[in-house]
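Report on the following structure.
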Amino acid sequence: MKEVSFIRRNIDKWKAMEDTVDNAYSVSPDVLADAYQELTADLAFSQTHFPEARITAYLNNLASALHNEIYRNKREKRSRIITFWTREVPLTMWEARRLLLASFLIFVVSVVIGAVSTLGDAEFPRLIMGDGYVDMTLENIEKGEPMGVYGSEAESPMFFRITLNNIMVSFRCFVAGLLTSFMTGFILMQNGIMVGAFQAFCYQHGLLWESSLAIWLHGTIEISSIVVAGAAGLSLGNGWLMPGTYSRLESFRRGAVRGMKIVVGTVPLFIIAGFIESFVTRHTDLPDVVRLGIIVLSLIFVVGYFVVLPWRLYGRKETISDHGNQENRETEN
């Protein structure tokens, strides 16, 4: 890579790092550490290919300044447990927003595939969900309890079993990234096809509305969290599959750290989803307006936390940086 191309590709990032140094007091230690690691990787590249260039001296000075800020602010506050979910996870989601979109699109397309396949072949749900589950559902329909599966087990054991299973699914989505992003995509497809097939199966039996209320009562949070975990797996897989200007090892490490933050951030949501599925979904006699209200509130929460909050925090960070630069310019004047 030529020096000019190297500078053009990274100049905006380096300017943002200058803002980070100027406003280090308002930036979390993890963000500072990530910026430092990224900057030192660029410095190493510049020292190797352009050892006498001015850009190398510039990067070395910037890395030194950032290093000093890290050690000046290295002590973490006791509120880290709170800021992890209120700042670190949302900001990480902003960095992974394209991966989240890719994960969402894979899942949605898979849902459509599952639904269309079921409408075209009535035996398709048996292939996806198994004969036992389909036969049990048909028996419940005959009894007048189509969603009776949610009341077939005591609440507490069901809560622990479902919550643990969902958390394991999310970690499988993440760890599958070790076998490239395609494996994470495959797991997302499996889950999406299953949802689409079951919804189409219920539609064929005149139960689309009832099944939607039952499934999405807990599924709005649960399935959304699986999609988010898919973004974590894509981050891990892309880390070593597409290293960019980093070494493959460094790119993999960064992808792994980002993905782990995301997947750990979904754990409380799986607990909430497990609670709803175990203690609320079974009550199919609840008024539709109540169940629909829970679904809408869950959707607002998911979109707010994983989409709106990351955007607002990123915008606030940019505003702080701009304000800090303005103050610096006024001081210089």
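The values are calculated or read from the model by the stated rules, or taken from the named source; none is laboratory data. Everything numeric here is computed off the predicted structure, so don't read it as measured data. Every residue, glycine among them, receives a Cβ derived from its backbone with ideal geometry; neighbour counts consider all protein chains shown. These accessible areas exclude ligands, DNA and RNA; they are computed on the full protein's heavy atoms, side chains included. Shrake-Rupley method; radii C 1.70, N 1.55, O 1.52, S 1.80 Å.
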**Q.** Tally, over the stretch 123-153, of residues that are open to solvent by 60 Å² or more (accessible area, probe 1.4 Å), of a type in the set (A, V, I, L, M) and out of contact with any helix residue (DSSP H, G or I) (no Cβ under 7 Å at 6 or more places or on another chain)
**A.** 1
**Q.** the stretch 154-182, residues that are over 24 Å from residue 280 (Cβ atoms), surrounded by fewer than 17 Cβ atoms within 10 Å (Cβ to Cβ) and within 16 Å of the chain's Cα centre (by Cα)
**A.** 172
Q: Look at residue 149 and say whether it is more than 30 Å from residue 16 (Cβ to Cβ), of a type in the set (A, V, I, L, M), in a helix (DSSP H, G or I) and modelled with pLDDT under 90.
A: yes
Q.
What pairs come out if I take residues in the stretch 1-21 that are more than 16 Å from residue 46 (Cα to Cα) and pair them with residues that are crowded, with 16+ Cβ neighbours inside 10 Å and among the acidic types (Asp, Glu) whose C-beta lies under 9 Å away, six or more apart or interchain?
A. 17/38; 20/69; 21/69
Q | Every residue from the stretch 10-49 that is among the hydrophobic types (A, V, I, L, M, F, W, C), at pLDDT below 80 and in a helix (DSSP H, G or I) | A | 21, 24, 31, 32, 33
**Q.** Options 69, 52; residue that is at pLDDT below 85, outside any helix (DSSP H, G or I), of a type outside the set (Val, Ile, Thr) and more than 30 Å from residue 125 (Cβ to Cβ)
**A.** 52
Q) What number of residues within the stretch 195-208 are buried (at least 17 other Cβ atoms within 10 Å of the Cβ) and part of a helix (DSSP H, G or I)? A) 8
Q.
Considering only residues that are in a helix (DSSP H, G or I), of a type outside the set (A, V, I, L, M, F, W, C) and surrounded by fewer than 21 Cβ atoms within 10 Å (Cβ to Cβ), which ones fall in the stretch 232-253?
A. 248, 250, 251, 253
Q: Please identify the pairs in which a residue from the stretch 295-313 that is open to solvent by less than 50 Å² (accessible area, probe 1.4 Å) has its Cβ atom under 6 Å from the Cβ atom of a residue that is among the aromatic types (Phe, Trp, Tyr), counting only partners at least 6 apart or on another chain.
A: 295/216; 310/94
Q | Inter-residue pairs, beta-carbon under 7 Å, first in contact (Cβ under 8 Å) with a residue 60 or more places away in the chain and in the stretch 136-148, second open to solvent by 50 Å² or more (accessible area, probe 1.4 Å), 6+ apart | A | 141/205; 147/284
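Yes or no, residue by residue, for (1) touching a residue at least 60 places away in the same chain (Cβ under 8 Å); (2) in a helix (DSSP H, G or I); (3) of a type outside the set (Asp, Glu):
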| position | (1), (2), (3) |
| --- | --- |
| 84 | yes, yes, yes |
| 88 | yes, yes, no |
| 98 | no, yes, yes |
| 108 | yes, yes, yes |
| 113 | yes, yes, yes |
| 125 | yes, yes, yes |
| 134 | yes, yes, yes |
**Q.** Of all residues in the stretch 274-292 being assigned to a helix (DSSP H, G or I) and open to solvent by 30 Å² or more (accessible area, probe 1.4 Å), the one that is nearest to residue 83 (Cα to Cα)
**A.** 275
Q) Inside the stretch 209-231, can you point out the residues that are small (Gly, Ala, Ser), open to solvent by less than 20 Å² (accessible area, probe 1.4 Å) and farther than 17 Å from residue 149 by Cβ? A) 225, 229, 230, 231
